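Below you'll find the structure, written out as C-alpha coordinates, and then a few comments.
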Amino acid sequence: QVQLVESGGGLVQAGGSLRLSCAASGLTLSYYVMGWFRQAPGKEREFVAGSDWSGGSTVYADSVKGRFTMSRDNAKNTVYLQMNSLKPEDTAVYYCAADRRFGNYEKNDYVYWGQGTQVTVSS
(Lines give C-alpha, C1' and ligand atoms only; values in the text may rest on other atoms or scores of the structure.)
Protein backbone atom coordinates (compact mmCIF):
# COMPACT_ATOMS: atom_id res chain seq x y z
CA GLN A 1 0.00 0.00 0.00
CA VAL A 2 1.41 3.37 -1.03
CA GLN A 3 1.91 5.93 1.71
CA LEU A 4 3.52 9.37 1.71
CA VAL A 5 4.20 11.03 5.06
CA GLU A 6 5.34 14.65 5.33
CA SER A 7 7.20 16.00 8.34
CA GLY A 8 9.27 19.00 9.37
CA GLY A 9 6.62 21.69 9.42
CA GLY A 10 6.21 24.15 12.25
CA LEU A 11 6.19 27.77 13.31
CA VAL A 12 9.02 30.03 12.18
CA GLN A 13 9.74 33.75 12.08
CA ALA A 14 9.85 35.56 8.75
CA GLY A 15 13.30 35.17 7.23
CA GLY A 16 13.84 31.80 8.87
CA SER A 17 14.20 28.33 7.40
CA LEU A 18 12.52 24.95 7.54
CA ARG A 19 13.28 21.62 5.92
CA LEU A 20 10.37 19.39 5.00
CA SER A 21 10.68 15.66 4.42
CA CYS A 22 8.41 13.24 2.59
CA ALA A 23 8.94 9.57 3.38
CA ALA A 24 7.46 7.17 0.85
CA SER A 25 6.52 3.54 1.36
CA GLY A 26 4.85 0.99 -0.86
CA LEU A 27 6.62 2.36 -3.93
CA THR A 28 10.10 2.65 -5.37
CA LEU A 29 10.78 6.37 -5.52
CA SER A 30 13.13 6.13 -8.49
CA TYR A 31 10.15 5.23 -10.70
CA TYR A 32 8.08 8.28 -9.69
CA VAL A 33 7.88 11.95 -10.47
CA MET A 34 7.60 13.80 -7.15
CA GLY A 35 5.99 17.13 -6.40
CA TRP A 36 5.47 19.58 -3.55
CA PHE A 37 2.24 21.56 -3.32
CA ARG A 38 0.77 23.88 -0.72
CA GLN A 39 -2.66 25.11 0.26
CA ALA A 40 -3.45 28.15 2.38
CA PRO A 41 -6.83 28.62 4.09
CA GLY A 42 -9.47 29.69 1.60
CA LYS A 43 -7.16 29.18 -1.37
CA GLU A 44 -6.64 26.51 -4.00
CA ARG A 45 -3.79 24.04 -3.78
CA GLU A 46 -0.82 25.40 -5.72
CA PHE A 47 2.35 23.96 -7.17
CA VAL A 48 5.61 24.60 -5.33
CA ALA A 49 8.27 22.31 -6.82
CA GLY A 50 8.64 19.06 -8.75
CA SER A 51 11.37 16.72 -9.98
CA ASP A 52 11.80 13.88 -12.44
CA TRP A 53 12.41 10.25 -11.53
CA SER A 54 16.11 10.72 -10.85
CA GLY A 55 15.95 14.21 -9.37
CA GLY A 56 18.12 15.46 -12.21
CA SER A 57 15.52 17.94 -13.41
CA THR A 58 13.67 20.19 -10.97
CA VAL A 59 11.20 23.01 -11.54
CA TYR A 60 9.89 25.63 -9.12
CA ALA A 61 7.01 28.01 -8.88
CA ASP A 62 8.08 31.61 -9.51
CA SER A 63 7.02 32.55 -5.99
CA VAL A 64 9.66 30.28 -4.41
CA LYS A 65 12.55 30.37 -6.90
CA GLY A 66 15.80 31.26 -5.21
CA ARG A 67 14.41 30.47 -1.77
CA PHE A 68 13.27 26.83 -1.88
CA THR A 69 15.28 23.79 -2.97
CA MET A 70 13.81 20.38 -3.70
CA SER A 71 15.91 17.23 -3.57
CA ARG A 72 15.43 13.49 -3.31
CA ASP A 73 17.25 10.47 -2.01
CA ASN A 74 15.89 7.54 -3.97
CA ALA A 75 17.88 5.05 -1.90
CA LYS A 76 16.02 6.25 1.20
CA ASN A 77 12.70 6.75 -0.61
CA THR A 78 12.63 10.30 0.74
CA VAL A 79 12.03 13.72 -0.83
CA TYR A 80 13.02 17.02 0.78
CA LEU A 81 12.06 20.66 0.49
CA GLN A 82 14.53 23.13 1.96
CA MET A 83 12.75 26.44 2.55
CA ASN A 84 14.84 29.55 3.21
CA SER A 85 13.98 33.24 3.59
CA LEU A 86 10.45 32.32 4.55
CA LYS A 87 7.69 34.89 4.22
CA PRO A 88 4.27 35.10 5.89
CA GLU A 89 2.68 34.36 2.52
CA ASP A 90 4.41 30.95 2.58
CA THR A 91 2.07 29.92 5.39
CA ALA A 92 0.14 26.86 4.22
CA VAL A 93 -0.27 23.13 4.55
CA TYR A 94 2.46 21.54 2.43
CA TYR A 95 1.83 18.26 0.61
CA CYS A 96 4.07 15.89 -1.26
CA ALA A 97 2.79 13.87 -4.19
CA ALA A 98 3.94 11.01 -6.42
CA ASP A 99 3.02 9.88 -9.92
CA ARG A 100 4.31 7.62 -12.69
CA ARG A 101 3.94 10.45 -15.21
CA PHE A 102 6.73 11.81 -17.36
CA GLY A 103 7.16 15.51 -16.68
CA ASN A 104 4.13 17.74 -16.10
CA TYR A 105 5.30 18.42 -12.56
CA GLU A 106 3.06 21.46 -12.12
CA LYS A 107 -0.23 19.73 -12.86
CA ASN A 108 -2.29 19.18 -9.73
CA ASP A 109 -3.48 15.66 -10.50
CA TYR A 110 -0.87 13.35 -9.00
CA VAL A 111 -2.10 9.89 -8.10
CA TYR A 112 -0.66 9.69 -4.59
CA TRP A 113 -0.70 12.38 -1.90
CA GLY A 114 0.53 12.75 1.65
CA GLN A 115 -1.55 14.07 4.53
CA GLY A 116 0.26 17.41 4.65
CA THR A 117 2.36 19.26 7.20
CA GLN A 118 1.57 22.75 8.50
CA VAL A 119 4.04 25.58 7.92
CA THR A 120 3.31 28.87 9.69
CA VAL A 121 5.50 31.93 9.14
CA SER A 122 4.98 34.80 11.56
CA SER A 123 5.82 38.43 10.90
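The values are calculated or read from the model by the stated rules, or taken from the named source; none is laboratory data. This one's a predicted model, so the numbers in the text were calculated from it and none came from an experiment. The protein model used for the area step is the full one, side chains on, heavy atoms only, and it has no ligands, DNA or RNA in it. Shrake-Rupley method; radii C 1.70, N 1.55, O 1.52, S 1.80 Å.
Between residue 14 and residue 31, the contour length at 0.36 nm per residue exceeds the alpha carbon distance by 2.5 nm.
In whole percent, what relative contact order does region 1-89 give with Cα contacts below 8 Å and a gap of six or more residues? Result for region 1-89 is 32 percent. What the Cα atoms of region 1-122 give is an Rg and a Dmax of 13.2, 38 Å. The mean accessible area for residues of the chain, using a 1.4 Å probe and ignoring ligands and nucleic acids, is 50 Å² per residue.
For region 106-123, backbone phi angles converted through the Karplus equation (6.51, -1.76, 1.60; θ = phi - 60°) give residue-by-residue couplings of 7, 7, 7, 9, 4, 6, 10, 9, x, 7, x, 9, 7, 10, 10, 10, 9, 9 Hz, Gly and Pro being listed as x. For region 70-83, just list the computed ³J(HN,Hα) in residue order, Karplus coefficients 6.51, -1.76 and 1.60, θ = phi - 60°, integers in Hz, with x standing in for Gly and Pro. With coefficients 6.51, -1.76 and 1.60, one gets 9, 8, 9, 10, 5, 5, 9, 6, 9, 10, 10, 9, 8, 10 Hz.
Amide H contacts of residue 68 (H built 1.01 Å from N, in plane; Pro and chain starts excluded): 84 sit under 5 Å, all sequence-distant by 5 or more or on other chains.
When the Gaussian network model of the chain links Cα atoms closer than 10 Å, the mean-square fluctuations of 63, 51, 21 top out at 63. Could you check how much of the accessible area of the chain is carbon and sulfur, as a whole percent, using a 1.4 Å probe? So the carbon and sulfur contribution to the accessible surface is 47 percent. The HN-Hα couplings worked out from phi for region 12-29 by the Karplus form 6.51 cos²θ - 1.76 cosθ + 1.60 (θ = phi - 60°) are 9, 6, 3, x, x, 9, 9, 10, 8, 10, 10, 9, 9, 9, x, 8, 9, 4 Hz, whole numbers, x standing for Gly and Pro. Compute the distance from the alpha-carbon center of region 17-43 to that of region 44-91, in whole Å. The distance from the Cα centre of region 17-43 to that of region 44-91 comes to 8 Å.
Between residue 16 and 86, the built amide H atoms are under 5 Å apart, and every one of these is 5 or more places off in sequence or on another chain. Amide hydrogen proximity for residue 45: with H placed 1.01 Å from N in the peptide plane, no residue at 5 or more positions away or on another chain lies under 5 Å.
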